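**Q** Can you read through this structure? Questions will come right after.
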Amino acid sequence: MGFAAALSDGVPCAHLTLLEVLPPYRRCGIGCAGSWTVSGTGMRWTRYATRTCFPSAPVAGCGSAQRRCCGAMNGHAAGPRTGRRPAWYNRTMEVVGHRGCAGILPENTLLGFRHAIALGVDRVECDVHRTRDEHLVVMHDERVDRTTDGTGPIALKSLAEVRALDAGQGERVPTLDEVLEVVAGARMRLLLELKGAGTAAPALAAVARRDLLSLVTFTCFDLTRIDEVRRLEAAARTGAIFSRADAASAAVARDAGAVAMGVQFRFLTAEVVAAAHAFGLEIRAWNPDSEQDQRATIALQPDGISTNRPDRLLGLLGRVPGVS
């Protein structure tokens with residue numbers, strides 16, 4: 001099947017790469033011309049001294065304030081104009097950078113969060129624990145062993161001891177305040193998972209100090225922690241996380257006062273999505289990282305997908321990483 005036919009019919013083609021998911025283009029004022037070539041890695045559009053654009057933010061030299069030129073996409077363009085997008089094209093499904101972009105750069109580091117934001121994610125996700133001297137640091141595990149060059153539980157270490165560790169590529173374990181500074185500067189929404197005991201109240205206070213309640217959703221597997229957040233601040237947004245879930249889990253999340261629920265992607269079904277929406281909940285899947293798993297999760301149409309490979313997911317949704 002040719003590329004134009006694949007786009008027109010909304011049918012995947014085995015030889016297409018990211019090109020397959022870009023939306024139908026619009027022309028800049030100077031028009032468009034070019035040709036397709038096929039290689040073992042996919043298909044490529046070669047432009048002939050012109051630009052091909054699709055709706056997005058402007059770049060220098062584009063003829064429209066509402067379009068971005070394919071010159072910013074390493075020469076890749078959307079291909080022949082058709083009336084239909086590929087079946088899996090989606091600009092509304094939320095992409096969440098899990099622990100920043102843990103499949104690309106060291107997890108839960110400022111480097112990772114900044115990279116995820118630069119890719120164009122809609123949210124980032126982080127985890128918070130409390131040190132021995134009651135500072136909040138961003139790390140997933142209770143112990144520092146897996147992600148740093150140190151050993152031992154976070155709860156038995158001082159902030160200075162945690163900050164002395166290498167979290168990968170020379171990065172330091174960030175404090176929650178440092179992560180909030182990054183997301184505030186980018187006006188980026190954040191899923192803040194309350195991992196450690198005693199984190200609910202101080203995490204809420206840190207977010208409130210920066211006036212970021214509208215950007216942050218406090219999440220946890222332990223529903224008593226999100227209940228604590230809600231009791232302390234009625235305006236706070238909370239989300240319930242489930243490893244295993246079924247349609248009844250939506251009622252559990254609602255009864256906990258959550259506005260959202262997160263489900264391990266292998267347990268996400270159409271019934272679970274429908275139940276969440278019936279209770280007025282946002283539903284996000286976590287963490288499909290392979291292209292195959294991401295495609296299968298997209299097909300179930302959750303409100304968002306959290307992943308360690310947001311670059312891959314953005315591409316599958318027709319949102320070129322770092323461009324759209």
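**Q** State the three equivalent ellipsoid semi-axes of the stretch 246-324, derived from the C-alpha gyration tensor as the square roots of 5 times its eigenvalues, in descending order and whole Å.
**A** Ellipsoid half-lengths, sorted descending, are 25, 12, 10 Å.
**Q** If the chain between Q292 and A160 were fully stretched, how many nm would it gain, using 0.36 nm times the residue separation less the Cα-Cα distance?
**A** Full extension from Q292 to A160 adds 43.3 nm.
**Q** For D222, D293, what ranking results if the residue with the fewest other Cβ atoms within 10 Å of its Cβ goes first?
**A** By the 10 Å Cβ count, ascending, the order reads D222, D293.
**Q** A further question follows. Percent of alpha carbon pairs in the stretch 164-239 separated by more than 18 Å?
**A** 40
**Q** What does the extension gain come out to for E142 and S214, with contour length at 0.36 nm per residue minus their alpha carbon separation?
**A** Working it through step by step, the gained length comes to 23.1 nm.
**Q** Also, quick follow-up: Could you give the spread of the C-alpha atoms of the stretch 88-235 along their three principal axes, from largest to smallest, in whole angstroms?
**A** 44, 38, 26
**Q** What is the calculated FRET efficiency for T151 to E181, with r their C-beta to C-beta distance and R₀ = 51 Å, to the nearest 0.05? Display every interim value, and only then the final one.
**A** On the way: r = 29 Å, r/R0 = 0.56.
Between T151 and E181 the formula returns 0.95.
**Q** Could you give me the ³J(HN,Hα) list for the stretch 171-185, computed from phi with Karplus coefficients 6.51, -1.76, 1.60 and θ = phi - 60°, whole Hz, x at Gly and Pro?
**A** After applying 6.51 cos²θ - 1.76 cosθ + 1.60, I find 6, 9, 5, x, 7, 4, 4, 5, 5, 4, 5, 5, 5, 5, x Hz.
**Q** Turning to a different aspect of this structure: Name the long-range amide H neighbours of T219: under 5 Å, sequence gap of 5 or more, or other chain; modelled H, no Pro or chain starts.
**A** Placed amide hydrogens put L192, E193, L194, G239 under 5 Å from T219.
**Q** Once both labels are modelled 7 Å past Cα along the beta-carbon direction, what's the D222-A248 spacing in nm?
**A** Between D222 and A248, the label points sit 2.4 nm apart.
All of the numbers you see were taken from the coordinates with simple rules; none came from a lab. Because the structure is a prediction, the values reported are computed rather than measured. All Cβ positions, even for glycine, are placed from backbone atoms using ideal geometry, and neighbour counts span all protein chains on display.
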